[in-house]
Structures are given as C-alpha cells and as structure tokens.
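One structure is given here, and the rest of the page talks about it.
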Amino acid sequence: MRWKRWAMVAVVLLLLAAAGCGAGGRPPAPGAHIQVVLRADGSGRVDFWVGGGVHSDGELRDLGGRLAAVLFPGRTLRATAVEPGAAFPLARTEVPQADGRGRHPTFGIPGRGVRSTLEAAGYPGYTLLVRPPRMRTSIGARTHPPGFEYRWNSHASGPPPAGSIVMRPSMLHWGVEMALLFVTVAAAVTALAGRDTRLAFAGCAAALVTAGTILVTDRASGEALGTLGYLSGMPLTLVTVLPFVALPVAMLAMIRPVRLLARPAGHQRRYGEF
C-alpha cells in the first residue's frame, strides 16, 4: 500500500536526520582527557577517556588506573572500570579517601607525572579538568567562587599543570541560607494561617522573595559541613539539598492569596476579606 511506502520513507529520513545530528553522542576530541571530581565527603573520582589510540577496554582500564595512582599517590583506589553505555569509552576510578578534611584541605596537581605517564602511552598532550566541592577555592593568591572548575590544556611544548587547589569551606553562607529558609517557612505559615488579607499577601510575597534568593545563590553551601568533617553520607546529602525545600514552601504560600483573588468581589465584601 502507498501509505506504508511513505511511512518507510519517513522512518529512513528520521534515522538519517538523527545520525546527522549526532544521536549516538559526539565523539571525543583527539588526545587524552582527564576529569577529577573531588567530593565534599573527602572521596573523589577520576574519569579518563581518549579520542583514539586505545584498541581495547583493557588498555583503557590499565591506563586509567595508572593515571589515578599518579593523581592520588598513596591513596587506596578501587578497581578501575570501563563505564558501559557511554558515547565513548570511559575508564572510571573511585577514590574513597581522595583528600583530607578540615579547614583547608588541598589537592596537589602532579602535572609532570601525568604527562610522563601519557607520553609513555603515546599521548604527548592532554586536557585536565578538576571539579572541587562547591565552595571557595584557590590556587596561590587567586581565589575562585563556589562552582569554579579548573581546566588545563597541556601540550608537549608547554609547562604541565602545577600547583595545589586549596578548598576554603565556610559555615557563613550555609548559615545565611538556613536563616532565609526559616524566614520562607515562617512567611508561608503567615500566608496560609493569617486571618488578615493583607497579612496573607505580605507573607506570600516574603516567602517568594526569600525562596528566590535561596535558589539563585549557591544552593550547595551545605557541602562545607562535609569538608569540615561534621557530616557525611546521607546526613550530608540531606543538608546539601535542604535549600531546595524553599521552592515547594513558596508554592504553598501562594494557595490562600490565589484563592482570595479568585473569589467573587461580592463574597469578599460579605465576609470582610477586603
């Protein structure tokens, strides 16, 4: 039938379009690529992938494990595994204790060791990305805000990455966010339970403003409690996501003002709402 023929043509065109748009994932850039993730609980992870040159998962796994040992010398490493289902082969090594916890834990960048390991495997250049916990960090005298990621593109002719990333956890930001969350909850209760109409609208407005302030600032300031050694595991996770509670609380604060606005004007005057 004619409609079946057109359906087959449409399917073929969709497949071609998907292939042209890179539905299978963008291939990695040529060379070697390393990503180091430092977590607030002191653990870490090393991801390693290449844009050609490695012919088997075993080679990728072996090289990824050797790089993790260079990046975290003397640390206990879990077995390196090649992650399945990725757009490109990815060797991942978990580090249960990547760095110390305290006021100023540091991560030293062994750029020369990484370069020599990769040069021996046939990769003279590489890219390195380090993602510290969401807190202020610094290399030397230069300080960076929470969420900053350190990137290097190392070439054979240039100097390798060097220095130490110092993490600077602070309880101040987390305390401010918790105070704003308390104000959000109190304003929402006022908006829902207050008998005066003006008070309900004021509580709703205050809840929306404070919730918006929390959500547009750094929402992971609770990670400082992990780096300082106060919390870990599930309690640390709960504290980190606690600021997101401000959003549903602010939505609840809108219920009564919306109902008041939707009520007929005559009914509002009858019961003294306005």
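The values are calculated or read from the model by the stated rules, or taken from the named source; none is laboratory data. The structure displayed is predicted, hence computed values, not measured ones. Note: ideal-geometry Cβ built from the backbone for every residue, glycine included; neighbour counts use all protein chains shown. With ligands, DNA and RNA removed, areas are computed over all heavy atoms of the protein, side chains included. Shrake-Rupley method; radii C 1.70, N 1.55, O 1.52, S 1.80 Å.
Assorted remarks:
- The set of residues in segment 226-248 that are part of a helix (DSSP H, G or I), surrounded by 20 or more Cβ atoms within 10 Å (Cβ to Cβ) and not small (Gly, Ala, Ser) comprises Thr227, Val239, Thr240, Pro243.
- Sub-6 Å Cβ pairs linking a first residue in segment 194-222 that is more than 26 Å from Arg168 (Cα to Cα) to a second residue that is in a loop (DSSP other than H, G, I, E, B) and at pLDDT 85 or above, at least 6 apart or interchain, are Cys204/Met254, ordered by first then second residue.
- Of all residues in segment 145-184, those satisfying the criterion of being surrounded by 14 or more Cβ atoms within 10 Å (Cβ to Cβ) and part of a strand (DSSP E or B) are Tyr150, Trp152, Ser154, Ile165, Val166, Met167, Arg168.
- Restricting attention to segment 129-143, the residues that are farther than 14 Å from Pro169 by Cβ and within 20 Å of the chain's Cα centre (by Cα) total 3.
- Residue match in segment 222-229 (condition: under 23 Å from Val258 (Cα atoms), aliphatic (A, V, I, L, M) and in contact with a Pro (Cβ under 9 Å, 6 or more places away or on another chain)): no
- Here Ala188 does not qualify as open to solvent by less than 10 Å² (accessible area, probe 1.4 Å), within 16 Å of Leu261 (Cα to Cα) and in a helix (DSSP H, G or I).
- Among the candidates Pro124, Pro84, the residue that is over 23 Å from Arg168 (Cβ atoms) and without any contact (Cβ under 8 Å) to a residue 12 or more places away in the chain is uniquely Pro84.
For every residue, the table says whether it meets (1) in contact with a His (Cβ under 9 Å, 6 or more places away or on another chain); (2) of a type outside the set (A, V, I, L, M); (3) farther than 15 Å from Phe72 by Cα.
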residue	(1), (2), (3)
Gly100	no, yes, no
Arg103	no, yes, yes
Phe107	no, yes, no
Val114	no, no, no
Leu118	no, no, yes
Tyr123	no, yes, yes
Val130	no, no, no
Met135	yes, no, yes
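- Qualifying residue in segment 96-105 (condition: at pLDDT 95 or above, assigned by the TED database to the domain that holds Gly42 and within 28 Å of Pro30 (Cβ to Cβ)): no
- Of residues in segment 66-97 being assigned to a loop (DSSP other than H, G, I, E, B) and polar (S, T, N, Q), the one most open to solvent (accessible area, probe 1.4 Å): Gln97
- Any hit, segment 47-56, residues being farther than 17 Å from Ser164 by Cβ and either open to solvent by 60 Å² or more (accessible area, probe 1.4 Å) or assigned to a helix (DSSP H, G or I) (or both): yes
- The number of residues in segment 202-218 that are in a helix (DSSP H, G or I) and either surrounded by 19 or more Cβ atoms within 10 Å (Cβ to Cβ) or of a type in the set (Asp, Glu) (or both) comes to 8.
- Any hit, segment 136-144, residues being basic (Lys, Arg) and either under 30 Å from Gly53 (Cα atoms) or open to solvent by less than 30 Å² (accessible area, probe 1.4 Å) (or both): no
- Scanning segment 92-121 for residues that are touching a residue at least 60 places away in the same chain (Cβ under 8 Å) and either among the β-branched types (Val, Ile, Thr) or over 19 Å from Val50 (Cα atoms) (or both) yields Ala98, Asp99, Arg101, Gly102, Arg103, His104, Pro105, Thr106, Phe107, Val114.
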